[in-house]
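Shown next, in structure tokens, is the structure this report addresses.
Only the coordinates and a few stated rules stand behind these numbers; no lab work does. A quick note: this is a predicted structure, and the numbers were derived from the prediction, not measured. Positions of Cβ are generated from backbone atoms using ideal geometry, with glycine treated the same way; all protein chains shown enter the neighbour counts.
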Amino acid sequence: MARTPSSPCVLALGEPLLEFNAAAEGELEDSAVFHLGFGGDTSNMVIAARRSGASAGYLTRIGDDAFGRSLLALWRREGVDTTHVVREPGGATGLYFVTRHGEGKHSFTYRRAGSPASRLCPADVPEHAVAGARLLHLSGITQAIGTSACDAAFHAVDVARANGTLVSYDPNYRPALWPPERARAVILHTAGLADLVLPNLEEGRLLTGLDDPHDVLEAFARRGPSLVALKMGADGVLLREGGRTTRVPAHPVTPVDATGAGDTFDGAFAARLLDGDSPVEAARYAVIAAALTTTGPGAVGPIPRREEVRAAAGRPGGESPSPKP
Ligand SMILES: Nc1ncnc2c1ncn2[C@@H]1O[C@H](COP(=O)(O)OP(=O)(O)OP(=O)(O)O)[C@@H](O)[C@H]1O
Ligand SMILES: [Mg+2]
């Protein structure tokens, strides 16, 4: 199948969610005021890729409810192609609540069981679009939300691999969504089918049973992806490429809310790689994008655009700009 100039470069497959972020610290049952936002790891990734200059499209199922409509409006505002978003009559689009408990600690409460995205199936995968894209992104969450969604993920990976579309994979292991044995088997198998694998250290430890970050990195690399980026929060990223390991330090910021930092890294990294950066250059850019996204509340709002990342990269010490007098 031929790559066409109209295909978005980056396609992501997964579940988008509405976000209800509590305005004040405290338990969910004590929270009265919420800020409405957007989330869902692969939707965050595709928006991050778009804001970093890549053309991008999203593959999912949503309901024909108000939440589905507001997600469609979000992607259209962002210039994310929605041609292949399936709208399910009567479907209830998934959502989650975020509560804060001081010192940057968050709790998430999800209402996503039985969501339209959990019913994604192989027939929803637009084979021409996947074949025409340069990179397909998916995550362990895409596979955990439903059996047919997991089948859709594997089908999309097959089509990508058969057509030279790079496969980017973020394990995003969420123990609440699936049993550990199944999660481990599916995630490690998929890591072996991907070109880019983007775990964080905590899930990497749980999935490999190893402790040292270099050992975790090596365990993923041995499965065959050409690039592994191990995300380590404020400790930055360990990048493994062709047998070489590079530590990319974090960009120093004062974080407010780290929701979506990993997804922003994934999207910014993909956008820069596709634009011709070396993996190390792309990772240096992506750690700045990811750090900036922690400086504001919510997953999507603070995802930075290319100019903001470039401006932050140029500031000595990587500090945020001083407020205008
Ligand atoms: N406190 C921080 N200071 C600076 N950079 C940060 C901070 N937290 C996260 N980052 C940046 O964001 C990247 C991804 O964050 P993290 O390691 O938390 O990923 P993650 O756990 O996959 O995130 P997510 O919650 O989106 O799944 C880090 O590698 C780092 O570059
Ligand atoms: Mg993550």
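What are the residue pairs meeting all of these: first residue in segment 176-187, first residue touching a residue at least 40 places away in the same chain (Cβ under 8 Å), second residue in a helix (DSSP H, G or I), Cβ atoms under 6 Å, and 6 or more apart or on different chains?
V186/Q143; I187/G140; I187/L207
Tell me the residue from A92, A73 that is closer than 22 Å to R112 by Cβ and either without any contact (Cβ under 8 Å) to a residue 12 or more places away in the chain or crowded, with 20+ Cβ neighbours inside 10 Å (or both), please.
A73
Can you find even one residue in segment 119-129 that is away from ligand 2 (no atom under 16 Å from the Cβ), under 17 Å from the mean Cα position of the chain (by Cα) and of a type in the set (A, V, I, L, M, F, W, C)?
Checked segment 119-129: no residue is away from ligand 2 (no atom under 16 Å from the Cβ), under 17 Å from the mean Cα position of the chain (by Cα) and of a type in the set (A, V, I, L, M, F, W, C).
Looking at segment 131-163 only, could you name the residues that are within 15 Å of the chain's Cα centre (by Cα) and part of a helix (DSSP H, G or I)?
G140, I141, T142, Q143, A144, A153
Only one of (1) within 16 Å of ligand 2 (Cβ to nearest atom); (2) over 25 Å from A229 (Cα atoms) is not met by T109, so which one is it?
(1)
Considering segment 246-263 alone, what residues qualify as being away from ligand 2 (no atom under 12 Å from the Cβ) and crowded, with 24+ Cβ neighbours inside 10 Å?
H251
Scan segment 252-275 and tell me whether some residue there is of a type outside the set (D, E, K, R), touching a Leu at 6+ places or on another chain (Cβ under 6 Å) and without any contact (Cβ under 8 Å) to a residue 24 or more places away in the chain.
Among the residues of segment 252-275, not one is of a type outside the set (D, E, K, R), touching a Leu at 6+ places or on another chain (Cβ under 6 Å) and without any contact (Cβ under 8 Å) to a residue 24 or more places away in the chain, which makes the answer no.
Quick check on this structure: which one of F38, F20 is out of contact with any Pro (no Cβ under 9 Å at 6 or more places or on another chain), in contact (Cβ under 8 Å) with a residue 40 or more places away in the chain, farther than 23 Å from R161 by Cα and part of a strand (DSSP E or B)?
The conditions single out F20.
So, V46, is that one surrounded by fewer than 15 Cβ atoms within 10 Å (Cβ to Cβ) and either more than 21 Å from A289 (Cα to Cα) or in contact with a strand residue (DSSP E or B) (Cβ under 8 Å, 6 or more places away or on another chain) (or both) or not?
no
Go through segment 291-308 and give me each residue that's within 16 Å of ligand 2 (Cβ to nearest atom) and outside any loop (DSSP other than H, G, I, E, B).
Passing the criteria: A291, T293.
Among the listed residues G243, G267, which satisfies the condition of being crowded, with 20+ Cβ neighbours inside 10 Å and either more than 9 Å from ligand 1 (Cβ to nearest atom) or more than 20 Å from the chain's Cα centre (by Cα) (or both)?
G267
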